[in-house]
Each structure stands twice: as structure tokens, then as C-alpha cells.
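Have a look at this one before I ask anything.
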Amino acid sequence: MDLLDGRAVHAVAGARERYKPVHSTSATMIAGDAGALARHYIEDFGVDALYVADLDAIQGGSSQDALVGSLCQLRAPVYLDAGVSTLDAARHVRSLGVSRVIVGLETLASFAALQMICAALDADVVFSLDLRDSKPLSPVHDAAEDIAARAADMGVREIILLDLARVGMSAGFDLDLIARVRAATPAGVSLLIGGGVRGLDDLNRLAAVGCDGALVATALQNGTLTAAEVARARSLPLTSRPR
């Protein structure tokens, strides 16, 4: 779930100027109502966690703390990306009641900062390895698998491989890259995939290469992933669970 100016918006290939309020399959939901959308995902689809990106904060604006805090009152744990790049910012995000603080490659100041955040918050930290068209969003031209391995060395226990160019496009994903990232990270580090997931067949493919979960929004909104299929996803070999 992406939040922009107090509303839940539908991501389109990472082009944030094109994001519009979400129109849900729930007939009673007002477009862009983040709380109603979250309840729809939890109650009607049975998702077991909410991934939330505070785009205002990520883009250097004011954080949407009150809205995030209200989402944390629901019965699903919240993973929040709010452009965290320092330990103080990470502690602030954690104080909102979120279950996991996401530190994204797009806004990461340094791997030293990531190591400091991991040392202080331990398992509450998730690293988002942000990509565009399978290429890391980083001034350092390292391969994605090398960045993932380095993040694990810094203490990260959970990684999201997120390709912004594929978000909202129902375009599938780079399975070869995902397999390389999975092979480069220790078995004890969970790997979630975001961007391009179209339905249960895709979740099966991700499970087959060792992924532990997926971020899903468009497939829920357009009906290509049903509540029954979300339930079936829980029985996949590595318990790939849509978020």
C-alpha cells in the first residue's frame, strides 16, 4: 500500500506523478481510503501483513505518522518504508507501532548506517533492495546479489527485492535475478518479492526458487488473485504469503 498526501494510491511503474487514488473491488470503499483498503485486504483476502510506503516521507516531505499509526491498530502487522536513512529516523518509525522498519536502498545513506540500525533494532529491520528494470537504485554499480549479500553481512534478516518498474504493471518478474539474489543470501535471511506478481502461478514460481513471500496489490484489486488463492498460497512449500 502506497500512501501519498493522506490517500492510498495505485503505483504505476514507479512513476509517482502518475499515481492515483486506489479504487478497490470493495463497493463501499471511497477511493484512496487507506484504512478501508487495509481492512479490505485483511478481512476479505486474509493477507497476514501490510506493506506500507509513505511516499511523502520517501520523497523528503512530511511523514504521515497519524495515518500510519491508525493502520497499526488493525490486526495485521505493518512493514513501513518511510525513507529511513538514520538510526534516529528508524527509532521514530518503530515508535509508531510498526512491526518492521524498512530501510530502502533508494534512500540509504550508507551501509554503515544500515549496520547501525540493524545493531539497534535487530530483527525489526527489513532491507528493501530497490530496483528499476532489474538494476539497483544505487550510485554504486554493484550487482543486486552483491548488495543483498552485503546487507545480510550488516545484520539484515529480511530483504524485499522490489522492482519499481514492475509495480502495478502485472508484467511478471525477473526470475533469474531473483534466483541469483536468493543464492547469494544466507538461508536464515527471508526474501520477499515486490513488483509484477500476477497470481497464484507466480507465487508458485517464487516459492520454487526459495522466496519466502511476496508483496501483492494490483492482483488483489483486479481479481487475478482471489481470496481462495491467497489461502492456498499459505500452503506453498516455503510458505510464500502475499502481503
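Looking at region 80-108, which of the residues that are acidic (D, E) and modelled with pLDDT of 95 or more is surrounded by the most Cβ atoms within 10 Å (Cβ to Cβ)?
Residues of region 80-108 that are acidic (D, E), as a first pass: 81, 88, 106.
If we keep only those that are modelled with pLDDT of 95 or more too, we end up with 81, 88.
Details: D81: 27, D88: 10.
Ranking the candidates gives D81 first.
Can you tell me which residue among A187, A165 is in a helix (DSSP H, G or I) and either surrounded by fewer than 16 Cβ atoms within 10 Å (Cβ to Cβ) or small (G, A, S) (or both)? Outline the logic, then answer.
Details: A187 fails: in a helix (DSSP H, G or I).
Of the residues listed, the single one that is in a helix (DSSP H, G or I) and either surrounded by fewer than 16 Cβ atoms within 10 Å (Cβ to Cβ) or small (G, A, S) (or both) is A165.
Among the residues of region 172-179, are any crowded, with 17+ Cβ neighbours inside 10 Å, closer than 19 Å to I42 by Cβ and in contact with a Lys or Arg (Cβ under 8 Å, 6 or more places away or on another chain)? Steps first, please.
The initial filter retains those residues of region 172-179 that are crowded, with 17+ Cβ neighbours inside 10 Å, namely 173-174, 177-178.
Now restrict to residues that are closer than 19 Å to I42 by Cβ: none.
No, region 172-179 contains no residue that is crowded, with 17+ Cβ neighbours inside 10 Å, closer than 19 Å to I42 by Cβ and in contact with a Lys or Arg (Cβ under 8 Å, 6 or more places away or on another chain).
In this structure, does D202 turn out to be under 27 Å from V9 (Cβ atoms) and in a helix (DSSP H, G or I)?
Details: under 27 Å from V9 (Cβ atoms): yes; in a helix (DSSP H, G or I): yes.
Against the criterion (under 27 Å from V9 (Cβ atoms) and in a helix (DSSP H, G or I)), D202 qualifies.
Which residue pairs have Cβ atoms closer than 8 Å, lie 6 or more positions apart in sequence or on different chains, and pair a first residue in region 149-160 that is on the phi > 0 side of the Ramachandran plot and surrounded by fewer than 18 Cβ atoms within 10 Å (Cβ to Cβ) with a second residue that is outside any strand (DSSP E or B) and modelled with pLDDT under 95?
Close Cβ pairs satisfying both conditions: none exist.
The values are calculated or read from the model by the stated rules, or taken from the named source; none is laboratory data. Bear in mind the structure is a predicted one, so any value in this text is a computation, not a measurement. Methodologically, a virtual Cβ is constructed for each residue, glycine included, from the backbone with ideal geometry; neighbour enumeration extends over all protein chains shown.
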